[in-house]
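What follows draws every value from the coordinates through simple rules; no lab data is involved. The structure displayed is predicted, hence computed values, not measured ones. Cβ placement follows ideal geometry from the backbone for every residue including glycine, while neighbour counts extend to all protein chains displayed.
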Amino acid sequence: MNMEDKQEFTPSSQQCEQSFYSILGCDQDATFDELKHNYQILVKKHHPDKQTQEGIDFISDDKFVMIDKAFKTLKDEKARKEYDASLLHGSFDNSSLIYAEIEKKDLNFVMGVFYFTCRCGDNIEITEDIIEEGECIVECSECTNCILIK
């Protein structure tokens, strides 16, 4: 289904209730190409750098983050399957996909910063302040995956 045929994503207090498919203006059976096409249209429209100084739309930053998170999840075949399954069970928390539960001793430590290599290849950096808080969830800055530090 074309982006033009769909209602555009509008952030609200119900953001968490919107599926990633509705954020991208696609049906759940959309192909990768359809997802990518709609993503590109939305990113061009809502990217924070594209906003004019006179008419800054502060909600656009939120829109962009949600659009980006939706696409990063749905473009990854494994993450999409997990997401689809969780939609069926009604238990998906769209703020995190915990793929590893680790202990502090499993973290690498270099120059005052703890880090863990995400499955996407990026390093998830964790400051000592965060670790001292106890059990916490830390999100990778490059993908939608998170680690749970116990």
Review point. Summing +1 for each Lys or Arg and -1 for each Asp or Glu, what net charge is found among the other residues whose Cβ lies under 14 Å from the Cβ of Leu74?
Key: -2
Check your understanding: With the Cα gyration tensor of region 105-145 giving a ≥ b ≥ c as the square roots of its eigenvalues, does the rule (a/c under 1.5 for rounded; else a/b larger than b/c for prolate; else oblate) give rounded, prolate or oblate?
Key -> oblate
Study note, to complete from the structure: Residues of region 125-150 with backbone N under 19 Å of the label point set 7 Å from the Cα of Val113 along Cα→Cβ are 125-133, 137-149
Review point. Under a straight-distance cross-link criterion of Cα-Cα below 29 Å, which lysines are reachable from Lys44, leaving out those fewer than 8 residues away in the same chain?
Key: Lys6, Lys36, Lys63, Lys69, Lys72, Lys75, Lys78, Lys81
